[in-house]
Each structure stands twice: as structure tokens, then as C-alpha cells.
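**Q** Encoded as C-alpha cells, here's the structure I'll be asking about.
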Amino acid sequence: MTITDPSTATSSSFASINPRTGAVVASHPIAGEAEVAAAVARARTAADWWSGLSFAERKGLLNAWKGEVTRRVGELAAIMQAETGKPHGDAMLECALAIDHLAWAAGHAGKVLGRHKVPSGLVMANQKATVEFRPLGVIGVIGPWNYPVFTPMGSIAYALAAGNAVVFKPSEYTPGVGVWLAETAAEVFGQPVLQVVTGLGDTGAALCRSGVNKVAFTGSTATGKRVMAACAETLTPVLIEAGGKDALIVDEDADVAAAVDGAVWGANANAGQTCAGVERVYVHERVYDDFLAQVIARTKEVHATNDADAKIGPITMPSQIDIIKRHIDSAIADGGKAVLGGPESVGDRFVQPVILVDVPETSSAVTEETFGPTMTVTKVASMDEAVALTNASKYALGSSVFSKRNGMRIAERLRVGMTAINGVITFAGVPSLPFGGVGDSGFGRIHGPEGLKEFTYAHAITKQRMKPLLALTTFQRTEKAEEQLGKLITMLHGRGSKK
Ligand code: NDP
């Protein structure tokens, strides 16, 4: 359901633009505070109905929506392609992964969230303890443009499966994708369980202040801080999925060709506009020269062009072009070298891949999110050094490790939300794995059981099943009971020795 209801629509609108051609894709209304409030009010009524259904009933409806999205996926991919400029194959891959997540969330919500027994412990042995995870109510989802289906669906699918209604504010660059998702959902659900409010940053800000029960934000760290500040005023909880500066580590025993393949795709897919894209590469000195020669050769095969069969397309958000250029310039000014491309690789709409070496770790090309088809490649003497440099970033979203024998050992030392061993970004496609960051990459999780629980609150119930051996929670408590409690606690917990 869109906000084009004539009673609430505003006269102001904005256009989404095809970044390949500069042509207008479509015009959309700008939702102001009143329209956002109206959508949230409709969502509240829908949430009452939706949360009253059983898990099985919601699963049935979510699977029906999944079927609809799957059968019409070509339409969705076409809108995404027009709004972002990404290649058709990439748009289809993104849709396929989002559909798989929707299926997982629908299929697992009952098991993960439904009331289940937990141990009550010896002190409270007479109690039957259970916990259930209940929907929060209405979730405001604010999404980015770079993966305009996959990323917000990580919140939308899991929030819906947990029994919430959703009001979704898509990026101003990709509103059509959001409208399409909400319209297909409305056809299947028959109730405004998923609505979209289109607009600019102010529409997102209005959603933060609208009294929703949680805001799930995906976007830049800077906007994430503004979202958190706005939500703090009403104690609205937030999930922040923010930027990254992901590292790929290559150990001396790695399959270098596989590491090169991962680095080339991880850094350049979607023209580098990937939150968990590879931006830094740390390579063991014993395989550094081999890796660098191969990575340059393979990256030369990737060109950003307007052709329909190009591997990578344009930079979707025009203002990002200056940031990419600034990082390449800083890398070189700080003493680094461009071994493929350079400042001249940055055009008006398209940026060609750039490989930088010998860039100091203090340069903005290493410390800030570039969000373009660039990578820094740095030689390290050991995996200790690679781990230390990876962990030195203020960002901590994903990471990759290439090693035949030591992958797990290295991965376990990384301070990040996710790690792919002998692959890149593969964790995003495993629905049962939680996805999210640490530090400036945000907090909270989408995907997996944690992603379902993120949109719930725990309701604990304990029920007395027999009279207690020790009556403790009563003014009738006896000295004998206190003495016995002391003995029990000593027996249970008194054995740990001081070290
Ligand atoms: P932005 O932070 O610019 O925008 C994100 C969303 O927030 C947009 O819908 C935007 O609306 C909205 N917004 C802007 N201002 C406000 C405000 N004051 N209050 C509430 N909402 C507001 O990010 P981008 O869209 O440029 O996305 C790219 C960023 O997203 C990168 O940093 C990337 O790393 C990150 N990202 C993180 C992911 C993760 O899972 N960790 C996944 C994908 C991307 P509008 O567009 O209309 O301005």
C-alpha cells in the first residue's frame, strides 16, 4: 500500500533517476509528518490483526507473498536496474537471496520465537519456566539504495515473520523498488501489513519520530547517528546496519587464484557499492608479488560501462563520486601508488577499478568507507599483523580469510560481525547466520534466529508446579529455609578456587 491515498497525499513529489542515462524513472510523492503518522496508524491496526494470527497462518501468507515476488521477479529486477544502474544478473542475484531469506524467516519464526520451556534451576526447581518472543508492534524500516531489495528485506521479512507490521522508507534513489514490494504485499495480505512511505531524508526523520516500536536503519554511519539521536527522544529502540571497510586476508598457504577471484569480485561487484565489499587486502609477504600480479591482471577484465552485459555499472549516488576521488587522491598524496587506474579512473557517472599499494594505514583510503571499485593491497609479515591491521578499523562489518590450513584460527581473531573463509560475502546468503556489525558498522542483527528476535521482546512466564521445598519469596520465610539456601548455594557454587 503506498501513500498515494488522496486524503493524505502531498502536492510535492520527487523523481527517481536512471544513473546510466540521467532519465527520469518515475515520480513519487514526498511523505510529510502527517502522511507518515497516517501510515503508522494504519500499520497499528494491521499489526493487531497480523500478530493475532498463528505462526502457521503467517507462514502461509508470507509464503504466498514469496511466491508472488518469485513469479514476478523480472519486474522487480527491472525497476532495480533502472533505479541503480546495476547489471541485470546482479539485480536477479539480489532478488533471489532476498526471496530465500523471506522463506527462511517465514519457516523458522515459530520454532525460534514460540513459547518454549527453559530450565528453572535447582533453587527454583518447583517452577515451570517458559519464554516466548512477542512482536513489538510497528517497525519503521529505513533502507539504502545500494542493495535496495536484499538489505531492507533483511529487516522487513524478519519483522513480518515475527508478527510485526512494517512501514518502509526506501532510499530516495530507489523508491520504486519499495513501492513494488509494498504493492505486491498488499495484494497478498489484503491488509496494510507492509506499507511504503516515499520521500527524502526528512521522511525518514519523520518515521523516527512517529512512535513506531523500533526503527531498523540501514545506511551510512553518519545518518545512523542522526537516526539514533531522533529515536532517543521517544526511547524508540534502533537497529543500525551501517557502513564498512572490510578486509580480505591472504595467508601464505592460500589458493592465490581463489583469493584473487574473491578480491576482484568483492571489491568491484556492484561498482564497489557494497557495505560488506572488500576495500582493504592484507597479503602475506611470501605470496604478495604473485597475488598483486594476478589481481591486476584479473581486474583489468572489469570495466564499468553503459553496456547491458557490463560486469559493473555506474555509481548510483552522484555525491559518492567526489568521495571516491578524494580517497584515491589522498592515498597517492600520503605516499601510496596506483598500480591500476588512478584519479583519472573517476568519471562523471562511471568509475573504473583502481588498485592502490603502499598506502599508509592512516590514509583516508584505508580508514574511511570509499564505496567505489577500489582496493588497497598491503604486504604483511605475518597473520598477526594482518589481524591487527584488520581489527584497527573503526568499522567492523564483514571480512574474508583465504588460507588452506589456518582459516578458522585467523577468522576467530577478527573483531567483526561476519567472516567468510575461502570466499567473499558468502555469509550474507546463509539465512541462518546473523548479519550485522560492531563499532561504527552499527549494532543489532538481521537474518537468522537473532534477526527474528531483533523485532521482538521476550515474555518470561514461570508457573509454580508444586509447593517449594524452600519458601523464599514470602515474609513467612524461616531461618531454617535461609540456612538451607546458604548450604545449597555453597554446594552449587562454592567450589571455584581463587587464582
Ligand atoms: P544514507 O545514510 O545516506 O541513507 C540511508 C537511508 O536513510 C535513506 O533512506 C535516507 O533517505 C535515510 N535518511 C537520510 N537522512 C535521514 C534522517 N535524518 N533520518 C532518517 N532517515 C534518513 O545511506 P545510503 O542510502 O547512501 O546507503 C549507503 C550506506 O549504507 C553505506 O554506508 C553502506 O555501507 C551502508 N549499508 C550498510 C549495510 C549493512 O547491512 N550494514 C547494507 C547496505 C548499505 P534518502 O535516501 O531519501 O536521503
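Values quoted throughout were computed directly from the atomic coordinates according to the rules given, and no laboratory measurement underlies them. No experiment lies behind these values; they were computed from the predicted model shown. Don't worry about glycine lacking a Cβ; one is built from the backbone with ideal geometry, like all the others, and counts go over all protein chains shown.
**Q** Packing-wise, with mean Cβ within 10 Å as the measure, how do 340-353, 253-266 rank, highest first?
**A** Details: 340-353: 18.7, 253-266: 20.4.
Order by mean packing, descending: 253-266, 340-353.
**Q** Taking a ≥ b ≥ c as the square roots of the Cα gyration tensor eigenvalues, with a/c under 1.5 meaning rounded and otherwise prolate when a/b beats b/c, else oblate, which class fits the chain?
**A** Values: a/c = 2.23, a/b = 1.26, b/c = 1.77.
Verdict is oblate for the chain.
**Q** On a 0 to 90° scale, report how tilted helix 479-493 is relative to the longest principal axis of the chain, with both axes built from alpha carbons and the result rounded to the nearest 10.
**A** That works out to roughly 30 degrees.
**Q** Next up: Using only the alpha-carbon atoms, how far is helix 55-71 inclined from the longest principal axis of the chain? Give it as 0 to 90 degrees, nearest 10.
**A** Around 10 degrees separate the two axes.
**Q** Let me ask another. On a 0 to 90 degree scale, rounded to 10, what angle separates helix 288-299 from the longest Cα axis of the chain?
**A** Roughly 80 degrees, rounded to the nearest 10.
**Q** Before anything else, pin down the relative contact order of the chain: Cα pairs under 8 Å, at least 6 apart, normalised by residue count, whole percent.
**A** After rounding, I find 17 percent.
**Q** Right, something else. Below 8 Å between Cα atoms, with a sequence gap of 6+, how large is the relative contact order for region 132-251 in percent?
**A** Relative CO of region 132-251 lands at 26 percent.
**Q** State, as an integer percentage, the relative contact order of region 56-179 based on alpha-carbon contacts under 8 Å between residues 6 or more apart.
**A** Numbers: 165 pairs, mean separation 34.1, N = 124.
Relative contact order for region 56-179 comes out at 28 percent.
**Q** Provide the percentage of antiparallel DSSP beta bridges, counting only those with both residues in region 246-431; round to the nearest 5.
**A** DSSP beta bridges in region 246-431 are roughly 15 percent antiparallel.
**Q** Is region 81-233 best put as rounded, prolate or oblate by its Cα gyration tensor, with a ≥ b ≥ c the root eigenvalues, rounded for a/c under 1.5, and otherwise prolate when a/b is larger than b/c, oblate when not?
**A** Judged from the Cα gyration tensor, region 81-233 comes out prolate (a/c at least 1.5, a/b above b/c).
**Q** I've got another one for you. Can you show me the helix-derived [θ] at 222 nm for the chain, built from DSSP H runs with n ≥ 4 at -39,500 (n - 2.57) apiece and divided by the number of residues, rounded to the nearest 500.
**A** The per-residue figure over the chain is -12500 deg cm²/dmol.
**Q** If amide H atoms are built 1.01 Å from N in the plane of the peptide, which residues on other chains or at least 5 residues away come under 5 Å of the amide H of His303?
**A** Answer set, sorted by chain and number: Lys311, Ile312.
**Q** Sorted by mean Cβ packing within 10 Å, highest first, what order do the peptides 84-96, 15-27, 40-52 take?
**A** 84-96, 40-52, 15-27
**Q** For Lys325, give me every one of the lysines with a C-alpha distance below 17 angstrom, ignoring sequence neighbours fewer than eight places off in its own chain.
**A** Lys245, Lys337
**Q** Now a separate question. Based on the Cα atoms of region 129-186, what semi-axes does the equivalent ellipsoid have, where each is the square root of 5 times one gyration tensor eigenvalue, given in whole Å with the largest first?
**A** Largest first, region 129-186 gives 25, 11, 9 Å.
**Q** Using per-residue counts of other Cβ atoms within 10 Å, averaged over each peptide, order 369-380, 228-239 from highest down.
**A** Ranked from most to least packed, the peptides come out as 369-380, 228-239.
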